[in-house]
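Some notes on the structure that comes next.
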Amino acid sequence: MRMEQIRREAKRLKKKINSQPRIWQFHGRRVVRASEWKWGDWTKLPDRYCILIVYGKSVPEDYLRDYAALLEKLEDPTYGKRLDRTIDEHTRYMKETGRKIWAL
C-alpha cells in the first residue's frame, strides 16, 4: 500500500468510528443511533434523548430505567435539561400545595 492509500483508509475508518454510538451494549441491550432506533423495539436503546420513550404509555418500566441510566451515563444534555425542568416543576408544586407528586 502506498502512503496515500493508508491515509484514505485511516480517514474512512475514523469516520466510521465517529458515526457509531460511544457505548454498544448497556444493561444487556444493544445501543444504536437514535435515527436507527424503531419504536417498539425494546431490545435496543437509542443513544440520545427521545421524547417518545419518556412519555410513551406502552414503554416497559425496566426499559425506561435502563434508558434513563444510559442517558445519565452518556451525560446527554437534552435529558439533563429536561430532568432539571422536571425537578423544578416538582419543587414548585410541593411549595404551592405542600404535597409530593412522586418520590425523587
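The numbers here are math on the coordinates, done by the rules we state, and not lab data. Quick caveat: nothing in here was measured; it's all calculated off a predicted structure. Cβ atoms come from the backbone with ideal geometry, glycine included; neighbour counts cover every protein chain shown.
So the values come out like this:
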item: Size of charge dipole - the chain - debye, nearest 20, with Cβ of Lys, Arg +1 and Asp, Glu -1, no other charges; result: 620
item: Neighbour-count order for 37, 42, fewest beta carbons within 10 angstrom listed first; result: 42, 37
item: 29 Å Cα-Cα reach of residue 11 towards lysines, excluding residues that sit fewer than 8 places from it in its own chain; result: 44, 73
item: Least to most buried among 93, 55, 67, 49 (fewest other Cβ within 10 Å first); result: 55, 93, 49, 67
item: Reported label for calculated Cα extents along the principal axes in Å given [x] 73, 25, 19; [y] 82, 48, 19; [z] 64, 42, 33; result: [x]
item: Ranking of 83, 71, 64 by count of other Cβ atoms within 10 Å, fewest first; result: 64, 83, 71
item: Among 83, 42, 68 the positive-end extreme of the charge dipole of region 23-97 (Cβ point charges); result: 42
item: Helical contribution to [θ] at 222 nm, DSSP H n ≥ 4, -39,500 (n - 2.57), averaged over the chain, rounded to 500; result: -17500 deg cm²/dmol
item: Cα-projected label distance for residue 54 with residue 82, points at 7 Å along beta-carbon direction, nm; result: 0.4
item: Under 5 Å, built H, 5+ apart or other chain: amide partners of residue 45; result: 30, 31, 32
